[in-house]
Each structure stands twice: as C-alpha cells, then as structure tokens.
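Data block below; observations after.
Rule-based calculations on the coordinates, nothing more; no lab input. No experiment lies behind these values; they were computed from the predicted model shown. All Cβ positions, glycine included, derive from the backbone under ideal geometry; neighbour counts span all protein chains shown.
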C-alpha cells in the first residue's frame, strides 16, 4: 500500500521563504542558476572484482555501481535475449534518515526508473548475449549502492549505471559438453546507445534542474526524462503530487535533450566510444 | 583442510609477494561520507570498506533506549559487486553474525554511560572484499567513531594471523583464507592492551596458538599506527603540524 507521507528532511519556514525569494530572483541558495546542474565527477573501474564499475559524484550525492555477469535462464517471453537486472540500494551510511532493511517504495521507484532508462533505450543489445536460445543466456546485474544522499538520486544512479555498463568488459562464456565454461577472455559489451536521464523539479512556478536534498524537501513535482544518443526520448517518470502544464513538459523535454547531450559527451570522452 | 598447492615459496614469499610478517598496504581516508557524523574509507590490500557513524542520536523505536547508557547498533553489509560471484543484497546469516561480533569488539572502547537514552549507529559497507574484511571493518569503524567525536577509552585495531604451509603469518588474504590452514581474526585495544574480538577456524597446537596470537597483536599495533596517523592528518594536517604545537 502506498500512502502520502511527510518529508523526512525538514526545512524551516524561514529557510523555505528565503529559498523562494532567491529563486524568484533567478538564483538558488547554493548560488546556482535555475538551470545549472552540480559538478559531475565520474571515476571508472573502482571495483576490480566487478566486470565494470563507476563511482559517481553529482555535487554531494555519491553512488557506486558495479556490473556482475553470470549465466542463467532467460526471462519468460524473452527467450532469445540475455537477462539484465538493475538494482539500487540507499545504504544506511548515506544519510541519517535511512534505516537498514528491505527497500521502501521510493528506493524501488528509483531502481525501476533507472532500469527503465537503460532497458527501453536498448542500451545493451541483449540479443547478442545468448548462449543456447531459450535455455542459457548471459545475466547482467548492475547493482547501485548510494553512499551519500544530497538529492537527485535518479540522475546520479543512472549516470553510475551507464558509466559502469559502458566501460565494462564482459566475460566470455562458452558451452562445452552442455556445461557453461568461463573462457577467461573478455569482450566489449554490445552497446548501441547511451541513455542519459535529466531530472527537473517544479517549485511554485519555477523549474529547477538537478535538485539537492533541501530543494527536494520543498518541491511540488518532479519529472525525469531519459534521452538516447539520437536525442529521442526513451523513458519518463513524473513524481510527487504537484502538476506540470503542457508547455512546461515540452520545455523540460527540450532541456533534457540539450543537457543529455552534454553529459553523453563527457562520458564518451572518458570511455572512448563512438 | 587439505592444501592443494604451496602458498609460500622457497624464498619465503607468499602468494601476493609478501613475507610472513608483512601487512598488506593499508590506507585510511577519514571523513569521506559528508552526511555522516564520522566516517572512514579503509583500503586494506584489495579490501575497500566504508564505515560511517551516526550518533549519539535519539533511539527509534523509543522502547529500545536504555536509561543508564547508550545503545550501539551495528550493520556489516557487503555490496552485491564486492565478491567474485554476485552476492544477493539481502543480509545473510554470515553478515548477521559478523555485525554482532564487530559491535561486541567496539563496545568495550566506547564510554556508553556518557550518552544515556541515546543510540550510536555504526554502518560498515564492504564495496570490495579480499579476505580479512571484518578486521578492516573494525579498524575503519573505530576511526569513524573517533571522527564522530564519541568518547572512547581507546582505539580498536584489528588484524588476523593464521597458519599457511605450517608457518604462522599475519594478515591472511583471500587465497590464504580459502586454502590455508587456520585463520584467527583479533581485535585489540593497543593502549589498554585488551583483546575485544577473537575468532578462529582451523587447527593450531598450543605453541602455534601462542605465536599466532602474538603475531596478530603485532599486526594490530601496525594497523593502530595507520589509524592514528589518518586521524592526525585529518585534524592537524600532518604529523609535523602536531609536533610544532
């Protein structure tokens, strides 16, 4: 059962008033412009035990993602493609408001939205990850650990996942005498496109890019849009009880395309892919 | 346990090139989790572990609070990508036991009576595991507790010793743990000279046991020096700065 709840982060009325005044003058409390995203730092290959990994810092939000590859049965109805599973966990080290235990609805939404961007963009050509059609396929796990929370987990987790995946080296499995053998060799992942998610939130009549924790506690609505390398929109998620006008949605989509291309360029520079 | 191959060569070098009384490279970075009251990232060989401390803070649910001292809660958890084969993110029985022994190894160092009706939460996240993660986790958590400014009687330093190829070695790595003869993790308060964690699997005769314990404590003292200098570096810039005061 999902129920509306109070924000766990509390921002005083005075601070809220300050924030609104500042935003109406075109500047946020951390000195950013309304459209400005925080500095993005991507460090690759931080976990040697993973086939690919990334430590992403978006402002003070920090996420570590790792790729692990196994073999298993394909999903039902998708007999001729590899399986991909993306998870996210907000670790209790990440904030004083996180409690250990099974993921809550917000964390499940986070993992599903990140998964949707990667899956629907067909970032990985899963049809190339089949060993015996209908029986044995590659299973790609991308697990995200959020280690410090300061807003916009959607984008930070999504950048960690795509960076880890795009920079990964997948093991090569072969079938010998009906058994799966790890050949010890590695292969490039079958990447077709780089999906980039861009989140915009609405506070009063204003739209802000890349919200931090304090701003998230005051926002009315949130819209995450993922675009692919061609600039097409591949996934969206609207959140919270506020609303958007049609014009607002269109302008957010345009912004997602432009910002998405910038971030894609940055990632391509790091990984050296086309 | 049957050893399949020799883990120490003729020149006395171990599988990762160390000699028998040599620690893996240890680095501690204090204060890396901005939201936490205290934190540390420890790199112990290939282990990469973050410890974060929240508290002293209010206890939820309230009935768990103790009227005369502080409640300590501890969670040791491994990220799914931390091991060779993926680990399910749900807590395992192993992690539950390790969480308990780690808490019990740290509690003796904490002056809990100073914080009645409060809780201290210690979270240890293993990002990459390489054998000896409970010891590295304890050492990191102890630094994180000091970083959080919690009143302590002493630091807790931890290191394992064990038997490999019938020789006593310190700081057992992953291969030696899986293929070697015995593994004995020890946590130690270096100034009070008290042991706060002691576990063993494998077989040691009484001579071997005595040497093993002495060697483990020697390892703890080496870890202590690194813990100490990591805190000095965060709070005083460098060791020289401290002496000049």
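Summary table below
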item: Inter-probe distance in nm under a simple model that places probes 7 Å from Cα toward Cβ, at residue B:66 and residue A:220; result: 5.0
item: Tensor-based shape of the stretch A:21-271 (alpha-carbon gyration tensor, a/c under 1.5 rounded, otherwise prolate or oblate); result: prolate
item: C-alpha long axis of helix A:246-271 to longest principal axis of chain A, angle in °; result: 50
item: Crossing angle, helix B:206-236 versus chain B [Cα axis fit, 0-90 degrees, rounded to tens]; result: 50
item: Ascending count of other beta-carbon atoms within 10 Å, so fewest first, for B:63, B:77, A:97; result: B:63, A:97, B:77
item: Structure-based [θ]222 nm, the protein assembly as shown - -39500 (n - 2.57) summed over DSSP H runs of at least 4, per residue, nearest 500; result: -9000 deg cm²/dmol
item: Helix axis angle, B:93-106 relative to chain B longest principal axis, alpha carbon, degrees; result: 70
item: Cα extents of the protein assembly as shown along the three principal axes, largest first (Å); result: 80, 66, 48
item: Label-to-label distance, nm, for residues given as residue A:18 and residue B:58 (7 Å Cα→Cβ offset); result: 2.3
item: Footprinting exposure proxy for B:222, A:268 (fewest neighbouring C-beta atoms within 10 Å first); result: A:268, B:222
item: Separation of alpha-carbon centers, the stretch A:145-192 and the stretch A:44-85, rounded to whole Å; result: 4
item: Rotationally averaged projected area of the stretch A:137-215 (alpha carbon convex hull; nm²); result: 7.4
item: Ranked list, fewest to most other Cβ atoms within 10 Å of each Cβ, for B:74, A:218; result: A:218, B:74
item: Gain on full stretching of the segment that runs from residue A:230 to residue A:270 - 0.36 nm per residue minus C-alpha separation; result: 12.5 nm
item: Sites residue A:179 and residue A:109, calculated FRET efficiency, Cβ-Cβ separation with R0 35 Å, nearest 0.05; result: 0.35
item: Label-zone membership for the stretch B:144-180, site residue B:203, 7 angstrom Cα→C-beta point, backbone N under 15 Å; result: B:163-167, B:180
item: The stretch B:26-244: relative contact order in percent, alpha carbon pairs under 8 Å with at least 6 residues between; result: 21
item: Distance between modelled label sites at residue A:76 and residue B:151, nm, 7 Å Cα→Cβ extension; result: 6.0
item: The stretch A:124-141 versus the stretch B:85-129: alpha-carbon centroid distance in Å; result: 38
